Amino acid sequence: MKSSERKKAIEARRSATDQKVRLWCKDKWERFDVFRVPVEALMLHVDNRRFQAERKLIESKLNRTLDPENVPDDQRALASILLDNGVDVDGGRVVGKATKDAEALRADWIARGQETPFWIRPDGTVRNGNRRLAMLLRLREEDGVQGREFVDAVILDPTQVNERDLFEMEQREQLTENLKVRYTDINLLLTLKAAAEARKIDWNDPETIDKVAAELQHVAKSNKAYAAIQLRAIKYMDLFLLDAGKPGEYQDLLRQVERFRDIGKVMLSMESDYPDDASDMLRLAFAAIRAGNKHEDIRAFKRMFVEDRSRYQKLLAAITKDEEGWEKAGGEVRLAEPKLITKPADEDEDEDDEPGPVVPNYPKERVGSRITNAIDGFMAAHLDIPSIVAQAFDRIEPLDAKKLKEALKVDDDGALTDTLTKLIAWAEIARSALPSKKKSK
């Protein structure tokens, strides 16, 4: 059904109710009439900010944009993105398995019916209530339409509530409502980005970021500092994607938000206190992202920079050399798309076990090991000497001559040989430090 046809169907078949709903609109509470409208004239909102990253991922897999108005299966595809886990493309169809939240939503609708009205445009596009409509459409397909022909809806006419007004309403309703399924973190950030850019944010001006954060704190736990962290995460996600040659392709960074939050925190301090070294720190942080290091490793970079500059510089030089070799070999900072869409289980779920974005042919293991080892050495240096020696011995004790010989056969860049040479030299120093044994009489 085309937009014009849906609009005519709603105008012809809607019926007034004796209900009104109170909504926050244009910075004040307003009361809106509630109508009964036909479900068949409603359309899922393809540009819904609650799932825009996942939608773009599916579109890249389908190699086309989703068009639910003209392709009936695309309405089902949107429903799957909204309701399912493990969403992927199989033979041109979008498939997944319903989440527990979706099953609970279905059971609640069957038991109690509709609790609150949808928000729709006059052409039936649903602007608030897409998950419920997706569930209802699936329920109608599986169990029939009888008793499910009409739903309650508030009709928001663009002449009365423009897109900016509606955007503000959606922010407050969808981002602050605890009982709704939360946005995946990346979609929350993208919604904040749209709100920030509507306020003319200057991403290169820390004062502007703080000012906009204060204005948007109502959708970020009512916390200005937390909102600023989210905005800086957006800034560095954009820079990372630009560096990867995929500006705006946020779907490639699904489940990576925590790492970029920490980059934002580190870079805020670097740009303020050490501006001449900020670009090198960002290069190191992006290398950690590509290598899939945990976000706690990114946090450690700043401390290493301040407390052990020589170790930091050595790590930076080694990774710069690794990346130069990779680039000369034809490597590109291009990202491969994630394979599946899996929604987070809850707001406190840790992203740290998630692999980093896939960068084809990147020396991931080498770079990742360099970072891990440098941080491990930095942290160990703060231990007492007996603990440092004991930990070092525990790590190298399993390496017998056979294992070392096998490793040396594939030591193409000589890194292992160099380290072993240094270790042997250190062992001689350690030997000289041992007290000489007294001869027994």
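Throughout, read-outs are computed from the coordinates displayed, never taken from laboratory work. Computed from a prediction, not measured in an experiment: that's the story for all the values here. Because the Cβ atoms are built from the backbone with ideal geometry, glycine has one as well, and the counts that use them run over all protein chains shown.
For this structure, a couple of remarks:
- Per the Cα gyration tensor, the chain maps to an equivalent ellipsoid with semi-axes of 54, 24, 20 Å, ordered largest to smallest.
- Segment Ala111-Asn223, length gained on full extension (0.36 nm per residue, minus Cα span): 36.6 nm
- C-alpha long axis of helix 3-13 to longest principal axis of the chain, angle in °: 50
- Percent of Cα-Cα distances greater than 18 Å, calculated over region 387-433: 37
- Pairs from the table (Lys56/Lys200; Lys26/Lys193; Lys246/Lys409) lying more than 30 angstrom apart at Cα are Lys246/Lys409.
- More than 16 angstrom apart: percent of Cα pairs within region 1-99: 66
- The peptide list 16-28, 109-121, 362-374, put in order of mean Cβ contacts within 10 Å with the highest first, becomes 362-374, 109-121, 16-28.
- Remark: relative contact order (the chain) = 13 percent; criterion is Cα-Cα distance under 8 angstrom and separation of 6 or more residues.
- This ranking places Asp400, Asp84 by how few other beta-carbon atoms lie within 10 Å of each, fewest first, which gives Asp400, Asp84.
- Taking the C-alpha atoms only, the angle from helix 385-396 to the longest principal axis of the chain is near 80 degrees.
- Counting only alpha carbon atoms, the long axis of helix 130-143 and the longest principal axis of the chain meet at about 70°.
- Estimated distance in nm for a label pair at Ser60 and Asp418, the labels positioned 7 Å out from Cα along Cα-to-Cβ: 3.5
- Residues Arg299 and Lys8, FRET efficiency given R0 of 60 Å [Cβ-Cβ distance, rounded to 0.05]: 0.55
- Here's the picture: charge each Lys and Arg Cβ at +1 and each Asp and Glu Cβ at -1 in region 387-433, and of Ser432, Ser387, Leu420 the one pushed furthest to the positive end of that dipole is Ser432.
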